[in-house]
Amino acid sequence: MKKGGVAMGDLQPAFDDTLFESNPLVTEANSLLRQAKEASQHIGIFTVKTANEWIDQAKLRPIPKKLFGELWFEGELCILFADTNLGKSILAVQIGDSISKGVPIVGFPLEAKAQSILYFDFELSDKQFENRYSADFSQHYQFNDNFKRIEINPDSDPPESGTFEDCLIESLECAVVETGARVLIIDNLTYLRNETEKAKDALFLMKHLKGLKTKYGLSILVLAHTPKRDFTKPISRNDLSGSKMLMNFCDSAFTIGESHSDKSIRYIKQIKVRNTEAIYDAESVALCQICKPNNFLMFEFVGLGSERDHLKQMSDKDWESLTDRVLELYKLGKSLREIGSELNISHMKVSRILKNCNTM
């Protein structure tokens with residue numbers, strides 16, 4: 001039967017889904033359901049989700065882009081460590097300059113777009129910085145305005161309460177909020193904490209930096225020193241001051257070593273990796289030389305090589321001298337670990353030396 005030319009069966013209730021979804025009561029109900037579900041996922045300090053839920057959450061996040069080849073990715077808290085005078089700050093400024101302009105360093109791909117970076121410089125004075133990036137204090141290098149260098153204001157008032165380190169971390173966060181920058185380079189770790197070799201200090205620092213990274217979606221590169229090390233051995237994570245705690249909290253780490261076969265060569269080696277496989281391992285370190293074309297002090301990539309070719313080779317005379325010192329300290333009643341610590345070698349190496357001398 002038709003009514004008004006329209007079949008009665010053609011008449012269907014018309015629901016506008018968009019109107020239904022925009023209903024404030026429905027929106028509020030959905031919000032409450034989401035909150036209830038999220039609350040049920042938290043058990044003490046843990047967040048519990050199915051593997052698929054974690055993947056669905058991760059799919060909403062952007063794929064991390066390379067900031068300095070495979071050595072540092074977006075969203076990572078990364079540590080660059082090395083002995084003094086090997087060029088940590090030189091390389092760090094070069095990395096910051098690269099990111100600020102969106103131009104990669106030769107040999108190290110850059111995938112991120114040009115963006116603001118904050119370089120916290122606790123090492124150089126402004127005049128020392130000028131000297132590095134000029135030709136004898138003239139013909140100055142032109143940095144992009146995205147590169148913002150920060151140093152301690154000597155006229156600032158000391159904190160009324162709390163420690164200097166607390167004030168430093170708080171000021172660092174304020175700088176992030178005020179500038180909107182999402183890439184930080186901190187030069188260097190030992191300035192942020194007085195004694196980073198101590199586990200409790202390293203833990204305090206890394207927890208705060210990791211918290212800031214998560215809160216604001218930061219990419220952070222932290223420079224750090226190594227204590228005295230045995231230059232005949234490959235560089236490892238154990239060569240970083242406060243290594244255990246620092247390595248636990250960082251996402252990635254790489255180091256600079258000095259070539260003992262050619263003093264003009266530095267090599268870059270990956271120590272900890274999360275976003276990729278290790279590219280620059282002991283068999284394939286990145287070889288560079290420090291140069292200053294015109295007015296910019298920089299690392300120049302020259303190729304790849306094996307770390308063993310650049311380690312110090314111990315001569316017969318060096319070995320005899322080391323053996324004599326081990327025997328001398330052993331006779332004084334020092335333990336194997338005490339001897340190793342004093343001579344900057346492992347306690348296992350001390351043991352081998354004593355065994356070779358038929359002392360043990």
- prompt: Stretch Glu28-Ser261 to full length: gain in nm at 0.36 nm per residue minus the Cα-Cα span?
  reply: 76.9 nm
- line: the chain: relative contact order from alpha carbon pairs under 8 Å, six or more residues apart, as a whole percent, is 17
message: For a quick check: with amide H placed at 1.01 Å from N, whose amide H comes under 5 Å from Ser284's, ignoring anything fewer than 5 positions away on the same chain?
response: Glu307
- request: Over 31 Å between C-alpha atoms is what I'm after, so list which of Lys88/Lys312; Lys88/Lys207; Lys88/Lys331; Lys269/Lys292; Lys127/Lys272; Lys59/Lys101 land there.
  value: Lys88/Lys331; Lys127/Lys272
field: Net charge, Asn344 excluded, C-beta distance under 9 Å - Lys, Arg +1, Asp, Glu -1
entry: 0
Neighbourhood charge, 15 Å Cβ-Cβ cut-off, centred on Asp136 and excluding it, Lys, Arg +1 and Asp, Glu -1: +2
query: Quick one: if you take sqrt(5λ) for each eigenvalue of the C-alpha gyration tensor of region 309-350, what semi-axes come out, biggest first, whole angstrom?
result: 21, 13, 6
- request: Give me the angle, in degrees from 0 to 90, between the Cα long axis of helix 199-216 and the longest principal axis of the Cα atoms of the chain, rounded to the nearest 10.
  value: 30
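Relative to the compact globular guide of 2.2 N^0.38 Å, what is the alpha carbon radius of gyration of the chain, as a ratio?
In units of the globular-protein estimate, the chain measures up at 1.36.
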- prompt: Which distance in Å, rounded to a whole number, links the C-alpha centroids of region 109-152 and region 168-183?
  reply: 18
query: GNM, the chain, Cα, under 10 Å: largest mean-square fluctuation among Phe164, Phe147, Phe231?
result: Phe164
query: How many angstrom separate the Cα center of region 61-91 from the Cα center of region 329-356?
result: 36
query: Pairing the Cα long axis of helix 347-356 with the longest principal axis of the chain, what angle in degrees results, from 0 to 90 and rounded to the nearest 10?
result: 30
query: Which GluC sites (Glu not before Pro) from region 263-343 combine a DSSP loop assignment with at most 16 other Cβ atoms within 10 Å?
result: Glu277, Glu283
query: Straight-line reach from Lys215: which aspartates and glutamates have a Cα under 17 Å away, not including same-chain ones fewer than 8 places off?
result: Glu74, Glu76, Glu170, Glu173, Glu178, Asp251
task: Note the angle between two axes, namely the Cα long axis of helix 164-179 and the longest principal axis of the Cα atoms of the chain, as a number of degrees from 0 to 90, rounded to the nearest 10.
output: 50
query: Over region 34-166, what relative contact order in percent results from Cα pairs under 8 Å that are six or more residues apart?
result: 18
statement: Expressed as a whole-number percentage, the relative contact order of region 217-332 with C-alpha contacts under 8 angstrom and at least six residues apart is 20
query: Under a 5 Å amide H to amide H cut-off, with H placed in plane at 1.01 Å, what residues pair with Leu304 once short-range neighbours are removed?
result: Leu287
Apportionment of accessible area to carbon and sulfur, region 198-294, percent (1.4 Å): 52
message: Using only DSSP helix segments of four residues or longer, with each worth -39500 (n - 2.57), what per-residue ellipticity at 222 nm results for the chain after dividing by its residue count and rounding to 500?
response: -11000 deg cm²/dmol
The chain, accessible area per residue, ligands and nucleic acids excluded (1.4 Å, Å²): 58
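D for region 249-360, whole µm²/s, Stokes-Einstein with Kirkwood Rh over alpha-carbon pairs at 20 °C and 1.002 mPa s: what number? Let's see the in-between values first.
On the way: Rh = 16.9 Å.
The Stokes-Einstein estimate is 127 µm²/s.
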Hypothetical label at Asp126: residues of region 148-173 whose amide nitrogen lies under 19 Å (7 Å Cα-Cβ projection): 148-157
query: Binned at 5 Å from 0, what are the whole-percent values of the Cα-Cα distance distribution for region 48-111, short to long?
result: 4, 15, 19, 19, 14, 9, 7, 7, 4, 1
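The values are calculated or read from the model by the stated rules, or taken from the named source; none is laboratory data. Quantities reported herein were computed from a predicted structural model and do not represent experimental measurements. So basically every Cβ, Gly included, is an ideal-geometry build from the backbone, and we count neighbours across all protein chains shown. Heads up: the accessible areas ignore ligands, DNA and RNA and are worked out on the full protein's heavy atoms, side chains in. Shrake-Rupley method; radii C 1.70, N 1.55, O 1.52, S 1.80 Å.
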